[in-house]
Amino acid sequence: MKPRRVCVLCGAAAGAAPGFAAAAAALGELLAAGGSEIVYGGSSSGCMGALADAALAAGGRVTGVVPRQLISNERPHQRLTDLEITDDLASRKLRMFARSNAIIALPGGTGTLDELFEALTMKRLGFLGHPIAVVNVLRFYDPFVTLLAQCIDEGFADRTQRGLFEVLADVAAVGTWLQRA
């Protein structure tokens, strides 16, 4: 796996199924073992915390980017390699993207989806050149892929938009994807 600075989008909640946090931990370990630095939302809880804990335990570098107003809510991870505080959520996204050269989305809530849609929109408009992948843990992203297909079918998006990202079946596929990306 080529070492990279990988922005990982994921939830500050663990999700209902234990497989979500387990996948986040597995991704953290995989990226750290491959020499990639992780850039993420900076939280110590949920999938975010599992990702950072596993990467740090494996000797990896982890950078958190947290908006000032969320410091009390999201409890920034205390052992990060680097922590950047931004003025707001919009700045957080832009800084996470600027500090990375690849983006991986794990399952998460509206914040994760917002970040993913922003990355895809920026890539479509030429403001971002990063390769983007969604890891379809427990088929979480199936409705997203279906929704995008509907947008294309209904004429709200052209077919090239499906090529803006790759859907990976599981964390094990990330290493191969990073080699090609």
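Read the figures in this text as sums done on the coordinates, not as results from a lab. Remember, it's a predicted structure, so these values are computed and weren't measured experimentally. All Cβ positions, even for glycine, are placed from backbone atoms using ideal geometry, and neighbour counts span all protein chains on display.
Using alpha carbon centroids, what distance separates segment 1-37 and segment 101-175, in Å?
Cα centres, segment 1-37 to segment 101-175: 16 Å.
May I ask which residue of A169, I71, A181 lies farthest towards the positive end of the charge dipole of the chain, with charges of +1 (Lys, Arg) and -1 (Asp, Glu) on Cβ and the Cα centre as origin?
The residue sitting most towards the positive pole is A181.
Is any helix in the chain, taking whole DSSP H runs, at least 15 angstrom long along its axis by alpha carbon and on average at least 1.0 on the Kyte-Doolittle scale, and which ones?
Values: long enough: 18-33 (23 Å, 1.42); 46-57 (17 Å, 1.39); 110-124 (21 Å, -0.23); 142-153 (16 Å, 0.88).
Span-like helices in the chain: 18-33, 46-57.
What cysteines in the chain have no other cysteine with a beta carbon less than 4.7 Å from their beta carbon?
When partners are defined as cysteine Cβ atoms under 4.7 Å apart, the chain leaves C7, C151 without one.
At 222 nm, what value in deg cm²/dmol follows for the chain if DSSP H runs of at least 4 each add -39500 (n - 2.57) and the sum is divided by all its residues, to the nearest 500? Before the final figure, lay out the partial values.
On the way: 7 runs with 76 residues, N = 181.
It comes out at -12500 deg cm²/dmol, rounded to the nearest 500.
Put +1 on the Cβ of every Lys and Arg and -1 on every Asp and Glu Cβ in the chain; which of T146, T81, L27 then has its Cα farthest towards the positive end of the dipole?
With unit charges placed on the Cβ atoms, the residue in question is T81.
Packing-wise, with mean Cβ within 10 Å as the measure, how do 87-98, 44-55 rank, highest first? Don't skip to the end; give the middle numbers.
On the way: 87-98: 17.0, 44-55: 24.5.
With the highest mean Cβ count within 10 Å placed first, the list reads 44-55, 87-98.
What number in nm² do you get for segment 11-163 if you take the convex hull of its Cα atoms and divide its surface by four? Display every interim value, and only then the final one.
Values: hull surface 35.5 nm².
That works out to 8.9 nm², a quarter of the Cα hull's surface.
Placing +1 at every Lys and Arg Cβ and -1 at every Asp and Glu Cβ, with all other atoms neutral, what dipole size does the chain have around its Cα centre, in debye to the nearest 20? Let's see the in-between values first.
On the way: 17 positive and 17 negative charges, 92 e Å.
Charge dipole of the chain: 440 debye, to the nearest 20.
Could you size up the charge dipole of segment 142-181 around its Cα centre, putting +1 on the beta carbon of Lys and Arg and -1 on that of Asp and Glu, and report it in debye to the nearest 20?
Working: 3 positive and 6 negative charges, 39 e Å.
My answer is approximately 180 debye.
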